[in-house]
Every structure is written in C-alpha cells, then in structure tokens.
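Everything on this sheet refers to the single structure shown next.
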Amino acid sequence: MKTKEEFFKFLRKECRKHGVELSLRKVGYVRLSGFKCGGYFDSDTLPKPKLVVAMNKELSISTLVHEYCHMTQWLDKIPLWGLASKSNYVIGEWLKGTDYSDIANHIAISRDLELDNEIRASKMIEDYDFGVSRSQYIKTANAYIVFYNYLLLSRKWSEPANSPYCNKNIVAAMSDEFDMNYQSMDKEIYDIFKSENIGYLK
C-alpha cells in the first residue's frame, strides 16, 4: 500500500502535468458560488482549472481524494461531466431562489456524477494508506450521494459542520457498498436526514 506522502507527490505531479492550480488551504471550509464546502474541482476557472480543498477539517484527506477524482472525470471526458457543468450552475441558482421546472433532472445528473466519482475515490482509498478503510469511506460517500435526493426536498445546502458525510447518525445508516437506492429518497433515510437537521423543508 502506498503512503499518504506518495499520494501528495502524485497529486502535485498530475496537477502540473495537466495545468491545474492546486490550492490546499489551512481553513475549515472554502466557498464555491457563495456556498460553504470542503473543497471543489472547477475545470472552468481562468486562467486555469482549480483544485481547492480546506485542509483544517477531519475529513480533509478524503475530500482531497474526492476532488482529485473529479479531476479524473474531467480528464476522461465522461459525458456526465459535461452535463453536470450546466446542472451544477442551475442547482446553484435554484438554491439562491430561481425556480426551474426541470430541477429534479439537474439534481439527478449531479447525483449520478457524484456516484461515479465516489466509486473512483473508493478505489484510490484502497491503494493508499490514508488511515481510512474502504468500507468506512463508502458509508460517508453514500451519505453524500443520497443527500442530493434530500436536497430536492430541502432546497438548502448542508452546513460544513453538519454535512451528511460528517454526521455520525447518517453515516451509520448508510451501506458500506455502492448498493443503495440512489434514484429516490427512501422514507427511513429521509427521516434520519430530517431529524439530524440537514437543511430544512420548503
């Protein structure tokens, strides 16, 4: 198994190779389109794409792996990446108050992009010694993927301090394999998200 240091060396090399600005910030969260988050990869920023991660949080390494895997989706030119570019913009505007009749479709596209990404990330978790088991990573990943279905109901992004993948009760309710119902919100999971105050209902 490779070390964490080897991953950072590999990451910096990949970013230099593909002209991506790597920004690992000693903060608790970063902002993307006005919303707080743990990190992001944005292929549309000028003059070059950016991979940005807040490193002063418990799951910063997992977030870094996750965002790097978004970079691999961009490099691989998967169809979902192109579709999600528009959908993520629409979701951001919708969260700010603009209504869209097809918002469910845009959220589904972003959710499916995240599912593909988390499968990629879980494979990297197996290859490197990050101190995180594959099964535990998948549970947190499932919490994030399922959150998109809840987002359609709550119309509110989660706060960094109480994000689904940091919430112990939500993570405990997730499968440790990628075998959940991702197409809709199961009532049992919905009730846990609601009780844990992940956003609020419209």
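Where a number appears in this text, it was derived from the coordinates with a stated rule and is not lab data. Treat the numbers as computed from the prediction; the structure is a model and nothing was measured. When we count neighbours, we look across all protein chains shown, and the Cβ atoms used for this are built from the backbone with ideal geometry, even at glycine.
Residue check: is residue 68 surrounded by fewer than 17 Cβ atoms within 10 Å (Cβ to Cβ) and either in a helix (DSSP H, G or I) or basic (Lys, Arg) (or both)? Full working, then the answer.
On the way: surrounded by fewer than 17 Cβ atoms within 10 Å (Cβ to Cβ): no; either in a helix (DSSP H, G or I) or basic (Lys, Arg) (or both): yes.
So residue 68 does not fit the description; no.
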With the structure loaded, tell me whether residue 116 is in a helix (DSSP H, G or I) and either buried (at least 19 other Cβ atoms within 10 Å of the Cβ) or within 17 Å of the chain's Cα centre (by Cα) (or both) or whether it fails that test.
yes
So which pairs qualify, if the first residue must be in the stretch 23-47 and assigned to a loop (DSSP other than H, G, I, E, B), the second must be exposed (fewer than 14 other Cβ atoms within 10 Å of the Cβ), the Cβ gap must be under 6 Å, and the two must be at least 6 apart or on different chains?
26/56; 27/56; 28/56
Across (1) in a helix (DSSP H, G or I); (2) without any contact (Cβ under 8 Å) to a residue 60 or more places away in the chain, residue 125 clears everything bar (2)
Mind counting the residues in the stretch 182-199 that are of a type in the set (Gly, Ala, Ser), under 20 Å from the mean Cα position of the chain (by Cα) and assigned to a helix (DSSP H, G or I)?
0
